[in-house]
Amino acid sequence: MPTDFKPSSKTPTAGQQRRQASVLLLRLQWLFILLLIVGFVWLYVSQQRFQNQMLERLQSNEQVVNRLNDMDDRIFALNQEATPKTEQVSTLTEDNQTQNQLNLLRLQLEAADSLVADNKDQAALGLLRGLQWQLSQSNNEIAPALRQVIQQSLSKDIARLQTQSAQPSPWQLQNIAIQNIQIFLSSLERSKNNAAITRQQLTVHEVIMTLNLAMQAGNMREQKQLAGYLRQARKQLQPLVTTPSVTPNQSKNTASASTDQTSTVTMGAPNTIAEVIAWLDKLIASPPTVTPLMTTQILEQSKG
């Protein structure tokens, strides 16, 4: 039985499809136009905002330039007011130049004294020779009489440092003496003859440690700490003395009538606890000292 195909009432016809397509295309066109309009408006707003920012920056830069110009004008006016007359300028310049050279010389000598205190004699010698050359220049404004005295004192300082550089420094002599004391104490610490030595060993070990601290203080040029550790070591050793208590005055006579550290160093290691205490008293009484440069003293006197 033949059957004919009938289109469903729900299926759009060709005409309806064309109309739907036209409506969709029209909507897409309007949407595109709206997007273009929005884009143009956004570009316009952005351009206006950018122009406003640029104008603000230009105005701000102009204000800064104007302020700088005003400051330059004020500074120039102040300089004109503060500038003395030509005659006064020449006199003040000469006085200032002389004083500046003296102040510079004092600072350089302070640096040389610091180098000597740190046992850097060669560096101090180089600096003093440079000062000699500096004083011999024709543009030096220091008074001739004072300049001659300074040059002579510099020559004496250089000669003293050349001799001093070939010898151990006072700090090195102090450490050598402490090391000699430690050599003797170490021999006591290693002794094990009887039970009484045990207490002595403990005390001797403590003294050796204290002397190590004293040497460290000497290496750092801490004179107060060095003397404190030496006194502490003497106090620790005092109970081990078998003879009557040794006073500082007696200990000086026992070791030597002189307080020169060099004599203590050349004596070698001590032989008894009493001698060790005498050595410690000697080191405490004659701490390491550094003689200041003669030129420094002369310049200090010239201030008055």
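Below is a table of values for the structure above.
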{"item": "Top-ranked residue of the stretch 151-173 - restricted to ones that are in contact with a Leu (Cβ under 6 Å, 6 or more places away or on another chain) and more than 30 Å from residue 283 (Cβ to Cβ), ranked as surrounded by the fewest Cβ atoms within 10 Å (Cβ to Cβ)", "result": "151"}
{"item": "Sole residue being over 30 Å from the mean Cα position of the chain (by Cα), over 30 Å from residue 161 (Cβ atoms), at pLDDT 90 or above and aliphatic (A, V, I, L, M), chosen from 278, 269", "result": "278"}
{"item": "Residue 209 over 29 Å from residue 272 (Cα atoms), surrounded by fewer than 16 Cβ atoms within 10 Å (Cβ to Cβ), out of contact with any Ser or Thr (no Cβ under 7 Å at 6 or more places or on another chain) and not assigned by TED's automatic domain parsing to the domain that holds residue 105", "result": "no"}
{"item": "Selection count where residues are more than 16 Å from residue 101 (Cβ to Cβ) and loosely packed, with under 15 Cβ neighbours inside 10 Å, scope the stretch 128-150", "result": "1"}
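The values are calculated or read from the model by the stated rules, or taken from the named source; none is laboratory data. The shown structure was predicted, so the numbers you read here are calculated from the model rather than taken from an experiment. Please note: Cβ atoms are built from the backbone with ideal geometry, for glycine as well, and neighbour counts cover all protein chains shown.
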